[in-house]
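The values are calculated or read from the model by the stated rules, or taken from the named source; none is laboratory data. This one's a predicted model, so the numbers in the text were calculated from it and none came from an experiment. Positions of Cβ are generated from backbone atoms using ideal geometry, with glycine treated the same way; all protein chains shown enter the neighbour counts.
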Amino acid sequence: MANQAQNEKIIETRLGRQLISMEKALRFPHGLIGFEDQREFILLQIKENSPFLILQSLNEPKIGLLVADPYTFTTDYSIKIGESEQKILRLKNIEQVSIMVTVAIPPGQPEKTVLNLAGPILINHHVRIGLQVPQVEADFPQHLLLSDLEKH
């Protein structure tokens, strides 16, 4: 039982105080764009059945990014990942990686929710390593307004 307590930690988050399992912590060797000094994160579920998660810094309570799996909203999205990124993520095949994108919801305007497709966050859950991989030569829009999807 003592071993389990060592693997758990209480952290302050955007969702309030949370008890987390350190076995679920994710290491980002290069941090995230704008948060390069933050290397340890955890994915927190906002509420059951929500497509949105919080990618929460373990060291800075104010840094919690709203993220989602883009394929929940669109199938028309593919990313390019280079050999160096594959090495950092320790990928043997692409099925090992999950893809998340950041989400922006303007205060009081949920109808203007936007997915940022230009800077996907790739996570290899097997080795608990994450990496943000900017898509500089993308064949898709940089941002996806969710209300546009509902019209199709």
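Consider segment 44-64. How many of its residues are under 21 Å from L117 (Cα atoms), among the aliphatic types (A, V, I, L, M) and touching a residue at least 40 places away in the same chain (Cβ under 8 Å)?
Looking only at that region, the number is 3.
Over 16 Å from the mean Cα position of the chain (by Cα), of a type outside the set (V, I, T) and modelled with pLDDT of 90 or more: is that true of D37 in this structure?
yes
Out of all the residues in segment 79-106, which are closer than 22 Å to I46 by Cα and hydroxyl-bearing (S, T, Y)?
Hits for segment 79-106 are S98, T102.
Is it the case that L44 is surrounded by 15 or more Cβ atoms within 10 Å (Cβ to Cβ) and not in a loop (DSSP other than H, G, I, E, B)?
So L44 passes the test.
Here is a check on your reading of the model: is N124 at pLDDT 90 or above and either touching a Lys or Arg at 6+ places or on another chain (Cβ under 9 Å) or surrounded by fewer than 17 Cβ atoms within 10 Å (Cβ to Cβ) (or both)?
yes
Do any residues in segment 102-119 that are over 19 Å from G64 (Cα atoms) and in a helix (DSSP H, G or I) have Cβ atoms under 6 Å from those of residues that are modelled with pLDDT of 90 or more and among the β-branched types (V, I, T), where the two are at least six apart or on different chains, and which pairs are they?
Between residues of segment 102-119 that are over 19 Å from G64 (Cα atoms) and in a helix (DSSP H, G or I) and residues that are modelled with pLDDT of 90 or more and among the β-branched types (V, I, T), there is no close pair.
Considering only residues that are of a type outside the set (G, A, S), under 12 Å from I42 (Cβ atoms) and assigned to a strand (DSSP E or B), which ones fall in segment 11-26?
Matches in segment 11-26: I11, T13, Q18, L19, I20, L26.
Please go through segment 92-116 and pick out each residue that is touching a strand residue (DSSP E or B) at 6+ places or on another chain (Cβ under 6 Å) and among the aliphatic types (A, V, I, L, M).
V97, I99, M100, V101, V103, A104, V114, L115, listed by residue number.
In segment 78-101, what residues are surrounded by 15 or more Cβ atoms within 10 Å (Cβ to Cβ) and either touching a residue at least 12 places away in the same chain (Cβ under 8 Å) or within 15 Å of the chain's Cα centre (by Cα) (or both)?
Of everything in segment 78-101, those that are surrounded by 15 or more Cβ atoms within 10 Å (Cβ to Cβ) and either touching a residue at least 12 places away in the same chain (Cβ under 8 Å) or within 15 Å of the chain's Cα centre (by Cα) (or both) turn out to be I79, I81, E85, I88, L89, L91, Q96, V97, I99, M100, V101.
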